[in-house]
1. Could you tell me which residue of segment A:143-166 is nearest to residue A:233 (Cα to Cα), considering only residues that are part of a helix (DSSP H, G or I) and more than 7 Å from chain B (Cβ to nearest Cβ)?
2. Scan segment A:90-107 and tell me whether some residue there is in contact with a helix residue (DSSP H, G or I) (Cβ under 8 Å, 6 or more places away or on another chain) and closer than 30 Å to residue B:86 by Cβ.
3. May I ask you to list the residues in segment A:120-134 that are more than 12 Å from residue A:202 (Cβ to Cβ) and within 17 Å of the chain's Cα centre (by Cα)?
4. Just to verify a result, which residue in segment B:206-218, among those that are part of a helix (DSSP H, G or I) and touching a helix residue (DSSP H, G or I) at 6+ places or on another chain (Cβ under 6 Å), is surrounded by the fewest Cβ atoms within 10 Å (Cβ to Cβ)?
5. Which residue out of B:419, B:412 is within 14 Å of another protein chain (Cβ to nearest Cβ) and in contact with a helix residue (DSSP H, G or I) (Cβ under 9 Å, 6 or more places away or on another chain)?
6. Looking at this structure, is residue B:26 within 14 Å of chain A (Cβ to nearest Cβ) and either closer than 30 Å to residue B:221 by Cβ or part of a helix (DSSP H, G or I) (or both)?
7. Within segment B:19-33, is even one residue closer than 27 Å to residue B:140 by Cα and either surrounded by fewer than 21 Cβ atoms within 10 Å (Cβ to Cβ) or not assigned by TED's automatic domain parsing to the domain that holds residue B:125 (or both)?
8. (1) more than 22 Å from residue B:284 (Cα to Cα); (2) away from chain A (no Cβ under 12 Å); (3) under 25 Å from the mean Cα position of the chain (by Cα); (4) at pLDDT 95 or above: which one isn't true of residue B:143, the others all being true?
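The values are calculated or read from the model by the stated rules, or taken from the named source; none is laboratory data. If you're wondering where the values come from, they're calculated on a predicted model, not measured in any experiment. Here the Cβ is made from the backbone with ideal geometry for all residues, glycine too, and neighbour counts use every protein chain on show.
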């Protein structure tokens with residue numbers, strides 16, 4: 001009897017509303033996840049393609065499909081391009097075990113064009129908006145916990161970086177800005193794993209960036225930090241500085257006998 | 001304190017100090033002992049003060065450590081940090097770590113004292129090690145001081161253990177990582193390892209029992225044994241008298257130097273304040289072990305560049321160099337990758353170190369007492385062996401920082417590891433040969449100086465055009481130092497069959513010994529005999545005279 005009270009079109013109406021809401025919600029969420037992708041103009045993509053063909057295609061292939069010299073860039077997203085090209089790691093100076101950060105080879109609009117082109121090849125993590133890397137209100141202590149759990153094993157608890165196998169290394173984070181850190185987390189450059197929003201939520205990413213900026217202040221309540229390299233430099237110092245000083249005094253006190 | 005000794009009651013002391021001394025002496029009968037103590041003569045040499053640095057660091061450790069015990073809580077009770085270090089506020093941690101943070105940030109003078117304590121610990125083990133090298137390279141361990149050498153070796157082992165215990169107490173990320181490795185090493189001991197680790201940690205790692213237990217060990221047990229052994233060590237130096245280098249008037253049966261009171265006391269007392277001052281200065285200026293940066297220990301975390309204090313570095317390096325060998329037998333795993341570097345290698349090294357006086361005495365057959373020290377060049381084989389062991393140690397030590405080397409010099413950590421694996425076997429023997437050759441060269445140079453005098457740098461041109469450099473005889477002090485070297489002949493090879501045709505049962509063993517003795521001594525350069533020296537001195541005087549005559553002649557032009 002409940003069925004008889006409904007209008008025959010009710011089922012379709014409910015379905016339409018449900019689909020519409022889901023679709024709208026999805027559009028909203030995916031727009032948030034990839035805000036840059038929507039603003040890239042066709043000319044920018046074209047300019048990016050031109051730049052790509054000139055500067056990147058020799059290793060990454062004419063259609064960014066990858067080759068024996070470089071990986072495919074389809075689906076890496078604009079974040080990866082902005083990080084790699086923006087930090088001067090790409091284009092690589094020469095073949096090597098790991099791309100070295102150096103002077104940026106492209107200007108801001110060229111990087112944006114390259115990013116737009118690569119982003120147009122397939123969906124991937126995009127360049128974060130200013131709001132996404134704004135750390136005001138983030139949790140510093142939580143950031144420390146997350147940093148020590150996820151980042152310290154390679155970059156060290158002091159963010160000074162560390163050695164990886166076969167000549168690779170995790171670079172120092174002492175000069176990285178929030179955008180770089182965010183892009184590195186979502187794109188996983190070089191040997192770094194990807195920390196997607198499922199692994200570390202956007203708000204947790206803010207916590208990490210806040211903690212890192214605390215480390216970057218390079219405050220050292222105990223005096224000279226000896227490069228924050230831990231016991232190795234401390235051990236070197238006790239011999240080169242401490243024992244040497246005491247032995248000079250000992251020679252001074254002991255000198256006379258002859 | 002006055003040292004006036006007065007045995008006679010009939011003659012009352014004139015001064016107040018004298019009266020006090022008589023008062024004490026009548027009750028403790030101490031004047032005789034005090035006088036002997038104050039008149040005790042110690043020889044003078046800068047290298048004899050290395051042991052003093054160790055002693056003074058130990059005193060600094062006791063003082064600063066006592067202060068730290070007032071604030072440190074050796075408890076694994078989990079609490080929420082609410083101190084003044086913002087980046088850790090609200091983080092769950094043990095009371096041990098939280099109280100270490102409080103010492104660093106909220107206790108007045110706490111960070112300075114913590115840093116004094118830690119730097120003094122590095123100083124302590126460094127001074128003990130360098131002191132050990134001095135004693136080794138000068139042969140001061142020889143009869144009658146072998147027992148004191150063993151006590152010194154024990155002190156070194158205990159100092160290393162004590163340092164490691166202290167490093168592990170704050171329960172920060174580095175402490176916990178170090179303890180995790182220590183637990184792994186315990187477990188690597190065949191058969192009993194797992195039981196031992198479970199017993200010490202009170203169950204599975206990390207548990208809540210170990211930090212309080214380690215605290216008792218760190219502040220009571222080991223320092224108590226250290227203090228007792230240091231006392232015995234010093235009493236033995238006192239009774240056996242300090243060794244001295246050869247020089248004018250110095251023999252095997254005297255000690256040339258200053259009385260304890262006042263000169264030596266002033267020097268040693270002043271040196272204590274200098275050691276304390278430099279330690280405090282370093283602690284005030286230079287960070288050590290910034291525990292706040294590493295966070296509380298959690299088994300799920302680890303930081304790149306985790307290193308122990310320097311004195312554990314060689315063991316860490318040995319572990320890093322050893323390939324990942326394991327044997328599985330009868331359901332048990334033998335972890336050679338930990339057993340070899342962390343137990344077998346240090347076991348062999350410390351045993352060889354402790355037994356060295358007897359090993360050398362057996363090889364050389366030298367059973368005499370020695371109170372005059374060897375200059376390292378005059379015992380080339382011993383010096384070479386010392387440098388061999390030191391090279392082995394240093395390569396392990398550097399390997400402990402292979403990751404820091406890799407990042408600092410942009411090298412591959414794998415290549416560094418392989419290079420050190422090779423160097424560990426190649427470099428020590430090479431160091432032995434090079435050191436021995438340098439020692440022998442220095443011996444020849446000593447003889448040269450004795451026989452031909454030293455080069456003055458004055459070059460003369462003789463009337464017929466020849467250039468000569470004027471040599472002058474070296475000082476009597478320098479000559480006495482060089483002549484202090486004694487020439488020892490290697491043990492003679494005994495005949496396998498004696499003159500009556502009877503086989504000597506000990507011959508085979510003795511032959512090995514003779515060969516070793518010859519290896520130890522035979523390359524030594526003989527010191528010039530008295531006749532050679534006399535002739536050389538005459539020749540030197542003659543040549544000098546001639547040169548002077550010529551220089552007069554030239555100047556006359």
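1. A:147
2. Scanning segment A:90-107 turns up no residue that is in contact with a helix residue (DSSP H, G or I) (Cβ under 8 Å, 6 or more places away or on another chain) and closer than 30 Å to residue B:86 by Cβ.
3. Answer for segment A:120-134, where residues must be more than 12 Å from residue A:202 (Cβ to Cβ) and within 17 Å of the chain's Cα centre (by Cα): A:124, A:126, A:127, A:130.
4. Among residues in segment B:206-218 that are part of a helix (DSSP H, G or I) and touching a helix residue (DSSP H, G or I) at 6+ places or on another chain (Cβ under 6 Å), the one surrounded by the fewest Cβ atoms within 10 Å (Cβ to Cβ) is B:217.
5. Numbers: B:419 fails: in contact with a helix residue (DSSP H, G or I) (Cβ under 9 Å, 6 or more places away or on another chain).
That would be B:412, the only listed residue that is within 14 Å of another protein chain (Cβ to nearest Cβ) and in contact with a helix residue (DSSP H, G or I) (Cβ under 9 Å, 6 or more places away or on another chain).
6. Numbers: within 14 Å of chain A (Cβ to nearest Cβ): no; either closer than 30 Å to residue B:221 by Cβ or part of a helix (DSSP H, G or I) (or both): yes.
Considered against the rule, which asks whether it is within 14 Å of chain A (Cβ to nearest Cβ) and either closer than 30 Å to residue B:221 by Cβ or part of a helix (DSSP H, G or I) (or both), residue B:26 comes out as no.
7. Filtering segment B:19-33 for residues closer than 27 Å to residue B:140 by Cα gives B:33.
Remaining after also requiring either surrounded by fewer than 21 Cβ atoms within 10 Å (Cβ to Cβ) or not assigned by TED's automatic domain parsing to the domain that holds residue B:125 (or both): B:33.
Within segment B:19-33, one or more residues are closer than 27 Å to residue B:140 by Cα and either surrounded by fewer than 21 Cβ atoms within 10 Å (Cβ to Cβ) or not assigned by TED's automatic domain parsing to the domain that holds residue B:125 (or both).
8. (4)
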